[in-house]
Each structure stands twice: as structure tokens, then as C-alpha cells.
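Here, each number is a calculation from the coordinates, and none is a lab measurement. Treat the numbers as computed from the prediction; the structure is a model and nothing was measured. Cβ sites come from the backbone with ideal geometry, for glycine too, and all protein chains shown count toward neighbours.
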Amino acid sequence: MPNDTNGRKKEWPYRHAGSVAVVAAALLCSPVLVDNAFAFKLFGMTIFGDDEDTVEVIDPVRYEATLNAGDADDDLKDRLESAAALITDEKQPVSGDLGVVIKAREDRERLIAVLYEEARYGGTVNISVAGTDIDNLPPNPTFDHSKPVPVTVNIAPGPVFKLGAVHFEGNAAGKDPAAYDLVTGETAGSRLILKAGEKLLVDLKNEGHPLAKLTKRQVTADHRTDTVDVVLGAVSGPVASFGQVATKGSRSVDPAFITRYSRLDKGGRYSPEQLKKANDRLRELGVFSSVTIHEADKLAPDGTLPLTIEVSDGKQRYFGFGAEFSSIDGAGLQGYWGHRNLFGEAESLRIEGKISGIGATDVSTFDYSAGIIFTKPGAIVPEATFESRLEAKSENPEDIYEAQSLTYSAGFSYELNDTDKLTAGGEIAYIRSDDVFGKKTYLTFSTPFGYERDTRDNKLDPTEGYHATLSAKPSYEFIRQNIFSSFEGSISGYLGVGSEDQVVFAGKLAAGTLVGGGSLENIPPLRRFYAGGGGSVRGYSYREISPYNDNDEAFGGRSYVLASFETRVKVSDKIGIVPFIDVGTVSTEIVPDFSDIRAGAGIGVRYATPFGPLRLDVALPLRRYDGGSQYGIYAGIGQAF
């Protein structure tokens, strides 16, 4: 490795408003028994108890470490201290005197690696234990245990090296080094050089060469000029297509379905991206605990690349429950049970129920819902998914309407490509309601269809791309024999700026309109438009934004426009702050007249978890209704949009 100090060259080859809400998800809470004591975790964070198992150290030896980083700047010093286990683990004893030496030697390798990552190829790391350099200690050293063993780490960072000449050889010849961030005169950190080699290999594979490999990675540091010369060589191998696909490991899911649903059996040209998408696609089924796609180390006689999909079955039955509380709306309980593999092809069945409003009013005004959802992925063709849903609801938004509904729907979604999807189906709904128009009954048949484009890099926490939807829902109401249709569209976009997307600007615009049906009273209240709450204009109560009659009673509208803007700022790796503003209007006309625009503004906190950010938003209405909500608090998983 390039670490010659003598001048020579060296190489190395829910919703809520106006009150405080508490949300608990019981399946995400797990008590863990540790050393005969309980540790309680919520969302992966230890609430109380020990977080780790207690490890018994044989022949414990305590030490005291000191790190001197020379003329290193604060950032480099922090990196070096974080990399030195002698420093970070100083309170933990090691096993025996030899354990101190082993830890010191491991640290030396880590610290040199950090210096190379920072382009400090002339740096040195010297570690001594009890005053003796670790290279001069006997094989089985013995130290004085009357006090902690002194360990001293002395680091001379050395100068920052720049990139000198950069050459690509073999099948990499002709590629532009600048496309791999290898620019003469720029800082020559080892991580940059390693990433360039990795990207070069990925690019060759993306060109359809499954057997591509690096043949040379030569880095030469010249300590007289503080420069680094780089040579990268690669052999691409032949272009190939995906060949025969085998499966193994699953005991309950049909292997033929796994192969078909992966879509790797279509014989397309080899692509690492397609392998990743196939892996993600199979994981998203929820029936496997692990999915690994193995590539053969050589091509088949017909020139194709054989593949093996290895899976492990996961838990196919699951259940869960949750709770919420609001000082205005009362408490809520919800629960669900599901099966992810009913008939051997990842068909899922989910039964769920929810009660809310407990304690706020009497039982007659509780909100109830219950549903049964059946989903069949890979229906007819791998790109299609069939879903059937039966749902019963009793809804009582305060001072707006009371409605009981029974709805059955069935439909297909079809993936046109990696970003575009079509949906179509049928729905029949029976609704009894009591609102400003009196008690009415509706029987409605609808044929909803829609289009979706999703280019986001992460659905729960996007930093780039956009998400657009268009939908239409032509409907016929049997009792009044009238026809009406709703049309809705939305688009949200994301732009990350700064190092590692430290700031993300996010915006969303949505609009909808209801056409036909005569007067509004002929349209079920569940199909009219309202706004307000966590999904639209924060700071207002759920469905608070609406046209009102002379008696100050909300009755919903024919059209709406909503807009939201957020600035998502990372304060640390785990914590984010999000100032935001939401704007919305609902009108009785098919085109909004913008005569009553309502806006809410606030700030939120995000806590990063493996399953998406935990969200807590607080918002104030900028144009409050008389007697309306004074503020809103909203909690959930994932970003607001």
C-alpha cells in the first residue's frame, strides 16, 4: 500500500386536530429478555432495560487510551477517534494482556484506512502499549495491572494527495475517467478510487456483460509530488441474455410461480438492474424471509446466463393491533389478521376492523369499519394484480354527516413498466346518510380506472423523482337514476440538495371535480369533496374545509384544489426538521372559484427508522373557522406525501 515516507513510489494493487394524539403499534413493540431482566423496545428503540446482552470477559484487563492526531483538522480528528476502537470501547475491558495488543494492531489498520480515505497516503500511525511500540512487544506480553494499562496512539496525518495520471485499460479503454469522478488535480481519496472501480464494473455489466471483472487496480503514490497515479483495467466478457431460471428453498410457494413472477424467465438481455428489480419484486410479496438470486459463473452452451432464485419462507400468518387517543375525538382501536399465501401463489387475505370516537360521545356516534381484502399477484400475467374488497363503515364526522355504507369492489392493476401502472375495476356501494339534505339512501355502481407514474427513489422517504396520478370514477345512482363522475389528479415532486441530500424540497398539487348528478343532494356525501386533516390541509379538523350553508353546516363540494410544500432538513442521521405550508379550497362549482382559500402552516419532526421515518407534525390554521380547530397534531410512518 502507498505508505513510503522516503520519497519513493509505492503501490497497492391518521388524522387529528385540536388535541394531542398518541399512536401505538403493538406489532412494532417487542419485550426482549436479557440477563433475567426485560428490555422494552418501540420502533426499534430501547425504552427501558438493557439494550445488549451482557458479555463475560475472561481475564479482564483494563486500559487507558490516548490519541494524538497531530495537525489533523477537527473533522479528520473526529473520524480517527470514531474509527479507533481503543477510544470508543475504552470502558470495556479486553481479554488478557494479548487482547490489548490485538486491539491495538486492528486499530492501526483501521486508522491507516481512514487516512487513505482522506487521501493522506504519507501519514503514519504508531501505537505503543505501556511505553513500547506494538511491533517491539514479545509474543505474550505481560503488563502491570495495578492501574489501567496505558495505550498511546500517535498519528501524523501527512499531506493531502491529489490525482495525477489516470488510465483505463482493456475493455475499459476509451471510457472517460471524469465520468467516474477521477479528475487530475482533485483529492485522491482511496474510497473515490474504489468506487470508480466498482462503478466501472457495474457499467460493463449494465451493458450486458455478466462475466465482466476488474483485471487491474493499480494505485501509485509519489511522495515527492504528493500525487497518486491510477490505472484501472477490466475485461468485459461476452454479451449475454438471461437463461434458464431455477428456484430452490421454498416449501409452500409454487416454484413455477416464483420463476414467472420474477419476470427473469423472459430471456431479456442481462442487466444487474433487472436482477435487483426481480429481487425487490419477490420480497414485496411478503411471503419470503430472504431472497437471493445467484448468477452462474459461466455461460450455458447457448450463450445465456443461468440463474438460481434461492428463497426462504417467511411467516405467512400475521396479526396486529393499534390504538390512538384524542382529547376531542376520544380513543380508537384497530386490529387485523392476515394470511400471505392462501393457495401457494402468494395470494393474500386480510381481515381488519376499527372503532374510533370511544369516550368522546355515546356509542351511537362511534365510527366503525370492517373489511376483507383478497389480493392475487401475478393474476393471468405476472404484471397484473387482482384485488377484491368488501368493506362496511359507519362514519360520523362531527357536524357534517352520518353515513353507513357497504361497499364491494374488484379490479386489476397492470404494470406497464417500472414506473407506470394502470388500474381498472368495478364497485357497488349501498349508502344510508343523514346530512344537511336530510336522510337519504343511495345505491351506486361505479367503474373506476386510473393511471399512475412513480419515479421516486424511495416511496416512504423520497429525495428525488416525482409521483403522478390520474383517476376517473364514472358512476350510476340507481335510486335517482342519475349519472355522475369524479375526476382527480395529483403530482408530487422531490429535489434533494447538498451533501447526501441534507435538504429535500418537496411539493404536491392535487385537484378534483364532480360532473353531473344534478344538485349536490343527489350525490352521496362520501363522494363529495372535503379538505382538512393530515392528508390535505394540516391545522384544520378532518373534513373541516367545505362549503357551508346559511346555518353554518358543511355539505361538501364539487371541486377542490390542494397544494403543499415542505423543506425536509436533516439535523443528524436520525433526526429531521420539516417546516411546511398547506393550502386548499373546496367549491360548489365544477371548477373551483377560489372564493374561500384556507391555509395551514407548521413544523414537523422526523425520526429515521429502517421501515421509514416516524412523523410528528404540528400545524396552525392561518384562517381559522369560527369555533373551528385551533391547531392540529398528526403522527404517522413515512413522509406526509
Quick one: length gained pulling residue 147 to residue 273 fully straight, 0.36 nm per residue minus the C-alpha distance? 39.7 nm
Calculated Rg and Dmax of the stretch 162-235 using C-alpha coordinates, Å: 12.2, 42
Theoretical ellipticity at 222 nm over the chain - DSSP helices of four or more residues, -39500 (n - 2.57) apiece, nearest 500: -3500 deg cm²/dmol
Positive-end residue, the chain charge dipole about Cα centroid, Cβ charges, pick of 63, 223, 483: 483
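Once Rh for the stretch 317-637 is found with the Kirkwood sum over Cα pairs, what is the Stokes-Einstein diffusion coefficient at 20 °C and 1.002 mPa s, in µm²/s? Show your work: numbers first, answer last.
Working: Rh = 21.4 Å.
Calculated translational D: 100 µm²/s.
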Cα-based equivalent ellipsoid of the stretch 379-525: semi-axis lengths in Å, sorted from largest, via gyration tensor: 34, 20, 14
Let me see the P(r) profile for the stretch 60-156: every Cα-Cα distance counted, bins of 10 Å, each bin given as a percent of all pairs. 16, 52, 26, 6, 0
How large is ³J(HN,Hα), in whole Hz, for each residue of the stretch 441-456 in order, when computed from phi with the Karplus curve 6.51 cos²θ - 1.76 cosθ + 1.60 and θ = phi - 60°, using x for Gly and Pro? 10, 10, 10, 10, 10, 10, 10, x, 8, x, 9, 9, 10, 9, 10, 5
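Just subtract the alpha-carbon distance of residue 408 and residue 565 from 0.36 nm times their residue separation and send over the number in nm, one decimal. Please list the in-between numbers first.
Details: separation 157, 0.36 × 157 = 56.52 nm, distance 3.54 nm.
Full-extension gain reported as 53.0 nm.
Which value, in Å to one decimal place, does the Kirkwood hydrodynamic radius take for the stretch 211-348 when every pair of different Cα atoms is included?
Numbers: mean 1/r = 0.0528 Å⁻¹.
Kirkwood hydrodynamic radius for the stretch 211-348: 18.9 Å.
At 0.36 nm per residue, and after removing the present C-alpha to C-alpha distance, how many nm does the segment from residue 369 to residue 418 gain when stretched out fully? Present the calculation step by step, with values, prior to reporting the outcome.
On the way: separation 49, 0.36 × 49 = 17.64 nm, distance 3.40 nm.
So the chain would gain 14.2 nm between residue 369 and residue 418.
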Cα-Cα separations in the stretch 241-313 greater than 15 Å, expressed as whole percent: 48
For the table 213/459; 440/473; 103/199; 199/277, the rows whose alpha-carbon distance is greater than 24 Å are 213/459; 103/199
Of 523, 592, 433, farthest towards positive along the dipole that unit charges on Lys, Arg, Asp, Glu beta carbons give the chain: 523
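Calculate, for residue 58 and residue 191, the FRET efficiency according to 1/(1 + (r/R0)^6) with r their C-beta to C-beta distance and R0 56 Å; round to the nearest 0.05. Could the numbers behind the result be given before it?
Details: r = 37 Å, r/R0 = 0.66.
Approximately 0.90, to the nearest 0.05.
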Sticking with the crude label model, points 7 Å out along Cα→Cβ, report the distance from residue 430 to residue 105 in nm, one decimal please. 7.9
Evaluate the distance, in nm, between pseudo-label points positioned 7 Å from the Cα of residue 91 and of residue 392 along their respective Cα→Cβ axes. 5.7
Stokes-Einstein D in µm²/s, Kirkwood radius over Cα pairs - the chain at 4 °C with 1.567 mPa s viscosity: 43
Take the Cβ-Cβ distance between residue 591 and residue 184 as r, set R0 to 41 Å, and report the resulting FRET efficiency rounded to the nearest 0.05. 0.10
Running Debye on the stretch 385-465 with equal point scatterers at the Cα sites and no solvent, what base-10 log of I(q)/I(0) appears at q = 0.12, 0.13, 0.18, 0.23 Å⁻¹? -0.56, -0.63, -0.86, -1.00
Which part of the stretch 150-178 falls in the paramagnetic zone of residue 66, meaning amide N under 11 Å from the point 7 Å along Cα-to-beta-carbon? 150-154
